[in-house]
Amino acid sequence: QKSIADGFAQMAALTPRGSAGAERPAYTLNFRKGGIIGPNAFALPDGTIILTDELVELARDEDMVLGVLAHEIGHVDKEHSLRQLYRAAGATALIMLIAGDIGASTEDILVQGSALISLSHTRAAEREADRYSVELMYKAGNDPAAIARFFELLRDKLGDASESDFFSTHPATPERIEETKRYAAEIAGKGTGG
């Protein structure tokens with residue numbers, strides 16, 4: 001945990017939010033037992049990032065774990081969670097403003113519908129966070145393709161090889177692998193004057 005936390009702190013310091021003198025609070029990494037959610041990592045809008053022990057165990061490679069953490073930092077830095085909450089709440093509020101008092105069950109349907117409407121934005125946010133991971137890992141001197149290797153691990157170990165991303169908040173794994181590998185090669189080429 002200490003080695004991962006140190007790598008996380010190094011990357012966080014390279015971000016506008018995590019740099020010395022930043023107005024907003026820095027990032028906080030919390031290790032937790034995943035239980036029912038299993039191997040996972042997620043970011044809260046305040047910069048708190050939760051990493052499950054199961055993800056660390058699954059990856060067994062510190063660079064892959066750091067690549068996932070860089071991806072989560074990207075979600076916070078780009079304010080993806082806040083934007084999604086605003087969109088879902090905004091769509092519901094607009095419908096309620098137009099329709100008036102609609103009742104609790106209709107409101108529940110609207111909230112769930114608003115979440116579905118925002119899925120395409122979420123897929124775009126996932127792609128943006130993937131690219132952010134590649135860039136931040138490169139800046140920190142880590143393997144910029146680590147997130148692609150993590151996606152390959154998910155594909156191989158968990159059978160996540162779906163070509164479809166219909167009703168999914170994440171782009172299809174094969175697409176993410178190819179895109180992040182390509183972008184990592186591009187970033188590494190720029191850094192070496194290629």
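Brief remarks on what is shown
- Among residues of segment 15-48 being in contact with a His (Cβ under 9 Å, 6 or more places away or on another chain) and open to solvent by less than 20 Å² (accessible area, probe 1.4 Å), the one that is modelled with the lowest pLDDT is Ala43.
- Test: Ala12 is farther than 24 Å from Asp156 by Cβ, open to solvent by less than 20 Å² (accessible area, probe 1.4 Å) and in contact with a helix residue (DSSP H, G or I) (Cβ under 7 Å, 6 or more places away or on another chain): yes
- Scan of segment 144-161 for residues that are among the charged types (D, E, K, R), part of a helix (DSSP H, G or I) and modelled with pLDDT under 90, ordered by number: Arg155, Asp156, Lys157
- Long-range neighbours under 7 Å by Cβ, at least six apart or interchain, first residue free of Cβ contacts under 8 Å to residues at least 12 places away in the same chain within segment 61-77, second among the hydrophobic types (A, V, I, L, M, F, W, C) and outside any helix (DSSP H, G or I): none
- Looking across segment 162-177, just one residue is modelled with pLDDT of 55 or more and either surrounded by fewer than 13 Cβ atoms within 10 Å (Cβ to Cβ) or of a type in the set (Ser, Thr, Tyr) (or both), and that is Thr173.
The values are calculated or read from the model by the stated rules, or taken from the named source; none is laboratory data. Just so it is clear, the model here is predicted, and its values are computed rather than measured. Backbone-built Cβ (ideal geometry, glycine too); neighbour counts: all protein chains shown. Each accessible area value is taken on the protein alone, full model and side chains, heavy atoms only, with ligands, DNA and RNA left out. Shrake-Rupley method; radii C 1.70, N 1.55, O 1.52, S 1.80 Å.
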